[in-house]
1. Determine which single condition residue 77 fails, assuming it passes every other condition in (1) surrounded by 22 or more Cβ atoms within 10 Å (Cβ to Cβ); (2) more than 14 Å from residue 114 (Cβ to Cβ); (3) more than 16 Å from the chain's Cα centre (by Cα).
2. At pLDDT 95 or above, surrounded by fewer than 24 Cβ atoms within 10 Å (Cβ to Cβ) and farther than 23 Å from residue 35 by Cα: is that true of residue 279 in this structure?
3. Search the stretch 227-238 for residues that are on the phi < 0 side of the Ramachandran plot and pair each with any residue that is not in a helix (DSSP H, G or I) when their beta-carbon atoms are under 6 Å apart and the residues are at least 6 apart or on different chains.
4. Would you check if residue 104 is at pLDDT below 90, more than 20 Å from residue 280 (Cβ to Cβ) and surrounded by fewer than 24 Cβ atoms within 10 Å (Cβ to Cβ)?
5. Checking the structure you have, find out if any residue of the stretch 83-90 is more than 16 Å from residue 127 (Cβ to Cβ) and not in a helix (DSSP H, G or I).
6. Can you tell me which condition residue 403 does not meet? The list is (1) crowded, with 18+ Cβ neighbours inside 10 Å; (2) more than 22 Å from the chain's Cα centre (by Cα); (3) over 18 Å from residue 303 (Cβ atoms), and all the others hold.
7. In the stretch 132-159, which residues are part of a helix (DSSP H, G or I), touching a helix residue (DSSP H, G or I) at 6+ places or on another chain (Cβ under 6 Å) and more than 25 Å from residue 319 (Cβ to Cβ)?
8. Here is a list: 262, 300. Which entry is at pLDDT 90 or above, in a helix (DSSP H, G or I), touching a helix residue (DSSP H, G or I) at 6+ places or on another chain (Cβ under 9 Å) and surrounded by 18 or more Cβ atoms within 10 Å (Cβ to Cβ)?
């Protein structure tokens, strides 16, 4: 395996600014709490409004579009101008939109509030990821994992908190989601002057995939990387959307059981992010992507057919393995667009993830036509395609970049 190019200049690069990375990770957590809350709210909306699987998936699609697909627009704006105000503003808007969900009187208002929350999430990610890139050192996947784990923790905690809020306040308990948003937005605003807006050192800080052709965009591997992230998002969104519905409508389990499983899945993803960053710096980011895709089909099938205790273990491992590549794909994307870090971050964190999230509507149609059990089996075999794409991705890196990161 070739040496990771960003590690070649390790001695010349400043150490990561861990205080800034933790702060940005906290903002990531506060924004993504709302993403984790939505799948837990969906079953309640499903029953109260008599939604079909397709309409439930449409709510998720609107959120994914507004929170993810438009992120490159904010990334472009971030690259053109200093836009640190998007950090506190994005967290606040994301929380406000989701907090109002419980007060919606019809499907139109639900979609409006989901849209607003998603725009808040979208505005935070490119600027936050770019700032984390500037605050990172030589082992970029490890440093980026600190930023990334905030989002994955938020995703998992959002499911836990939303289950508690629904139990305490009913559907209007969504209003409590505003509290973490207000607190963290205030912290980000207070420390805004300390957040970097440019690399803290010269050329060594850049994350180009190669020192040759500095500033060059490596389109072929970048496009394929986007496809891999799209597929990973397709799988993740499918699981987070349909596991609660699968438990309630197919297994006949209580709503709390589905919420518990989602929390296990998402919190395990946070653990996977923490472990995945250093592991990627050690064995290579592309190799980690391939291992992740290869391990998922047996784990998802084990979740579906094993006894309850083993099923929970399998789902936990699925979350950790699936999300372990999160920081790796961000760093890879940034390395293929070294002079457009904001756009690259928007592509990896937003467009590719959101495009994969559109698959939830397709999976919803499959559930309506063939049953939700068939949908879950479909999700189980999607990573096989990802494994094949990861092999092709390694070949394209050798051809166009000269090394496999």
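The values are calculated or read from the model by the stated rules, or taken from the named source; none is laboratory data. Quick caveat, the model's predicted, so the values are computed rather than measured. Every residue, glycine as well, gets a Cβ built from its backbone with ideal geometry; the counts of neighbours run over all protein chains shown.
1. (1)
2. Working: at pLDDT 95 or above: no; surrounded by fewer than 24 Cβ atoms within 10 Å (Cβ to Cβ): yes; farther than 23 Å from residue 35 by Cα: yes.
Judged against the criteria, residue 279 is not a match.
3. Listed by first residue and then by second, the contacts come to nothing, as the list is empty.
4. Details: at pLDDT below 90: yes; more than 20 Å from residue 280 (Cβ to Cβ): yes; surrounded by fewer than 24 Cβ atoms within 10 Å (Cβ to Cβ): yes.
Taking the combined requirement at face value, the residue satisfies it.
5. Let us first name the residues in the stretch 83-90 that are more than 16 Å from residue 127 (Cβ to Cβ), namely none.
No, every residue in the stretch 83-90 fails to be more than 16 Å from residue 127 (Cβ to Cβ) and not in a helix (DSSP H, G or I).
6. (1)
7. 133, 135 - these are the residues of the stretch 132-159 that are part of a helix (DSSP H, G or I), touching a helix residue (DSSP H, G or I) at 6+ places or on another chain (Cβ under 6 Å) and more than 25 Å from residue 319 (Cβ to Cβ).
8. Numbers: 262 fails: at pLDDT 90 or above.
One residue alone meets the criteria, 300.
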